[in-house]
Structures are given as C-alpha cells and as structure tokens.
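Each remark here refers to the structure printed beneath this line.
The values are calculated or read from the model by the stated rules, or taken from the named source; none is laboratory data. Please read these numbers as outputs of a predicted model, since none were measured by experiment. Counting neighbours? That spans all protein chains shown, and the Cβs are built from the backbone with ideal geometry, glycine included.
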Amino acid sequence: MSTPEITYLGHPDYRVAEDEYLHAPPPEAEDGLWGDTVWLCAIDPKAGIWGYNHMHICPNRGFGRYQAQYCIDGVQQSYFGKQIGGLEFGQSSWSDGNMSYEVVEPYQKIRLTLDHTRFAYDLTYTAGHAVFDYDDCVGGNPLEGLKPAAGIHGGHYEQALDLKGTFEIRGGPNEGEVREIDTIAHRDHTWSDRFTGSGPWSWPEGKEASLHYWLVCHFPERNVNVCGFFDLSPLGIDRRIDQVGGFESSERGVRRVAGGGPAPLNGGLAEPKGDQCPLRWRVELEGGDTFHISMPEPHWIAKLMMLGEDDAESRLNDYETYGEMTIEETGEQGFGAFEHSTLPPNPRFPT
C-alpha cells in the first residue's frame with residue numbers, strides 16, 4: 001500500500017502586507033460594527049506567566065477595545081481599555097494610551113506593550129512558522145459556523161510565533177520583579193462584522209448550548225490549531241456544524257487539519273458545560289495521521305470580554321482553559337489553551 005503524499009503549504013499568495021493592517025468594510029458591512037480582531041497569547045510556564053492579549057478595533061465606529069488577562073504566579077490580573085477616535089483604515093499600529101500594538105514587519109514581527117498598574121510588558125513576536133489562512137481549510141472556511149456572532153467574514157489567518165520580552169509585576173508578593181519572557185506563541189487576525197446584529201429579546205429559559213471550540217497547542221517542534229462547532233438547535237438556531245478547520249505548522253511548512261473533535265476518556269466531558277471543556281481532543285491531519293492532545297490538569301480558566309456595540313450587554317460566553325499538554329501517541333510535551341464558547345451569555349447584562 002502506498003503512503004499518501006503529504007502537502008505542506010507556505011505563505012498564502014493572496015495575503016499581502018496590507019492584510020496586517022486595519023481593513024475597510026465591504027459595502028454590505030459599512031453600516032455595521034466592522035472591525036479587526038487580533039489575539040496573541042503570552043505563555044511562559046518557566047516564568048510563571050500565562051496570558052493572552054485581545055483587541056477589537058472598529059474605525060467605522062471610531063473605537064477600539066483592549067484586554068490583557070494574565071495568571072501571574074497563580075493569581076489572575078486583568079486589564080481592559082477603550083480607545084475613542086484616532087483610528088483610520090490602513091493603520092499598522094493602534095493604542096488606547098496604555099496598550100499598544102504595532103506591526104513592525106508584516107507577517108514577520110509585531111511589538112506589543114502595556115503600561116498598567118498591576119503589570120506591564122514589552123513583548124516582541126517574530127515569525128516562527130508560515131501563516132495559515134482559514135480560506136485554505138479542508139472543506140472551506142469553517143467560520144461560517146459563527147453566524148450567530150458574525151455574518152460577514154473578511155478574512156482570518158493564524159501563525160505560530162517566537163516570543164521574547166520583559167514582564168514586570170507591579171503588585172503582590174513579587175512586586176517589582178521584571179521577568180524575561182522567552183517562549184513560543186500563537187496569534188490570529190480576523191476582520192468581520194462581529195456582533196453587528198442585536199441579540200434576541202430573550203433566550204429560552206433554562207437552555208444552554210455550546211457554540212465553538214478552538215485549540216491552540218504549542219509543542220517544541222510543531223504548533224497545532226483546530227476549530228470546530230457544536231449543535232445550537234437547543235436554542236432554536238439551525239446551521240451547518242460539520243466543518244472542522246485548522247492546521248499543524250512546523251519548519252517544513254503548514255499541513256491542514258482534516259477533522260477532529262472531543263475525545264473524552266474516563267468519563268470526561270464530551271462537549272463543554274459552563275466554563276468547563278473537554279480536556280482530550282482528537283486531531284486528524286490531511287493525509288491520514290491522527291493523534292490525541294490531552295491536558296491532564298488545567299492551570300487556569302479565563303473568560304474573554306465579548307461585547308457588541310453596546311458596552312452594557314455581553315454577547316457570548318467565551319472561555320479559555322490553559323494548561324500543559326501532551327500528544328499521547330508521541331509523548332510530546334507542550335502547553336496552550338482550549339477555547340470554547342456557550343450561549344446564552346451569563347450574565348447577559350452586568351450588574
């Protein structure tokens with residue numbers, strides 16, 4: 001029997017330098033909440049730092065939202081900021097005055113800084129592996145499954161990175177310490193009309209359903225990302241849910257994910273429930289290789305702030321479970337996050 005040929009992709013030809021910058025909306029999205037969303041993790045277990053940075057920048061509405069959530073030596077600390085004005089389509093950098101993001105060289109180097117009362121950092125992300133664009137997923141872009149949250153997708157790409165910098169602790173028992181960060185990381189960049197439509201007047205009483213999962217898994221020789229969706233029919237929402245996307249990247253290039261999903265073991269969760277998610281997942285690569293990634297013991301669960309145009313209403317429960325990971329078939333040791341979301345948002349309106 002012949003061995004299937006494995007295809008490794010390089011940088012997508014259609015992703016040009018300008019796609020690293022702020023995108024203008026297409027005509028059909030001009031009147032909605034259109035924006036660029038970027039996510040970058042910063043996990044260095046040896047330094048006691050686990051966290052992520054998230055920005056939703058909307059020039060056509062004149063504002064940007066910023067969040068940085070970290071677990072520092074086992075204690076969560078958070079930063080949330082908002083920028084009003086000073087935004088234009090095509091910008092390669094943006095800032096709310098405390099948190100700043102700059103594309104130094106498209107697809108090669110990003111600088112991220114924060115000056116906050118609880119913690120501060122100066123981080124430089126450089127290309128580890130080639131970019132993967134979700135338009136190249138097996139079976140097409142799976143983000144169609146996010147229709148309850150976004151209807152018009154402009155683009156979405158992800159990339160494995162090397163991360164170096166400094167992290168200053170400004171409170172607690174280790175106040176004043178400045179730690180060196182030297183690790184591997186991951187980032188994504190999306191532009192879409194996220195949360196343009198209003199939520200329903202009311203959600204079905206006593207009903208909860210899981211929307212999506214997104215796995216970000218760092219290992220010394222490869223980076224693994226998988227995205228898929230669950231059934232929302234308990235909430236009266238019908239849509240295609242059989243798409244699974246993502247990639248494995250390494251020095252050889254990018255290999256596409258062909259399938260995957262929860263693989264519960266010993267009574268583990270088969271799908272998320274509240275802030276808890278399955279801790280074992282099956283990943284199938286194009287060409288037939290299949291393996292399992294497990295997180296023996298979660299280190300920290302973060303909840304992202306997910307807002308539409310109205311700051312008073314949460315639009316989605318979005319959790320990220322952080323911890324050390326193992327590829328069971330090979331014994332590879334790494335770390336990362338399992339993200340999942342649920343509806344309805346709880347609490348929907350902060351009190």
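Here are the numbers for this structure:
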quantity: Filtered residue count, the stretch 28-59, keeping only those that are assigned to a helix (DSSP H, G or I) and under 30 Å from L285 (Cβ atoms); calculated: 2
quantity: Any strands (runs of 3 or more DSSP E) falling wholly within the stretch 213-277 and containing at least 1 residues that are over 15 Å from L343 (Cα atoms), over 18 Å from the mean Cα position of the chain (by Cα) and of a type outside the set (G, A, S); calculated: 253-262
quantity: The stretch 164-202 - residue that is out of contact with any Phe, Trp or Tyr (no Cβ under 7 Å at 6 or more places or on another chain) and among the hydroxyl-bearing types (S, T, Y) and, of those, surrounded by the fewest Cβ atoms within 10 Å (Cβ to Cβ); calculated: S202
quantity: Filtered residues of the stretch 101-153 (kept if among the small types (G, A, S) and either surrounded by fewer than 16 Cβ atoms within 10 Å (Cβ to Cβ) or over 16 Å from the mean Cα position of the chain (by Cα) (or both)); calculated: A120, A127, G128, A130, G139, G140, G151
quantity: Strands (runs of 3 or more DSSP E) contained entirely in the stretch 81-135, each with at least 2 residues that are at pLDDT 95 or above and of a type in the set (A, V, I, L, M); calculated: 99-105, 109-115, 119-127
quantity: The stretch 70-80, residues that are out of contact with any Phe, Trp or Tyr (no Cβ under 6 Å at 6 or more places or on another chain) and either more than 28 Å from K46 (Cα to Cα) or assigned to a strand (DSSP E or B) (or both); calculated: Y70, I72, V75, Q76, S78, Y79, F80
quantity: Subset tally (residues that are closer than 30 Å to W201 by Cβ and free of Cβ contacts under 8 Å to residues at least 12 places away in the same chain) for the stretch 321-351; calculated: 1
quantity: Residues located in the stretch 194-249, provided they are of a type in the set (S, T, N, Q) and under 22 Å from E144 (Cβ atoms); calculated: T196, S198, S210, N225, S233, Q243
quantity: One residue from P4, P25, P12 being over 23 Å from the mean Cα position of the chain (by Cα) and either over 17 Å from R65 (Cα atoms) or in a helix (DSSP H, G or I) (or both); calculated: P4
quantity: In the stretch 169-224, the residues that are closer than 30 Å to V254 by Cα and among the aliphatic types (A, V, I, L, M); calculated: I181, I184, A185, L211, L215, V216, V224
quantity: Failed item in (1) within 22 Å of F132 (Cα to Cα); (2) in contact with a Gly (Cβ under 9 Å, 6 or more places away or on another chain); (3) surrounded by fewer than 17 Cβ atoms within 10 Å (Cβ to Cβ), with N346 passing the rest; calculated: (1)
quantity: Candidates R65, R61 - the one that is of a type in the set (D, E, K, R), touching a residue at least 12 places away in the same chain (Cβ under 8 Å) and surrounded by fewer than 19 Cβ atoms within 10 Å (Cβ to Cβ); calculated: R61
quantity: Y8 vs. criteria within 30 Å of G323 (Cβ to Cβ) and either surrounded by 21 or more Cβ atoms within 10 Å (Cβ to Cβ) or in contact (Cβ under 8 Å) with a residue 60 or more places away in the chain (or both); calculated: yes
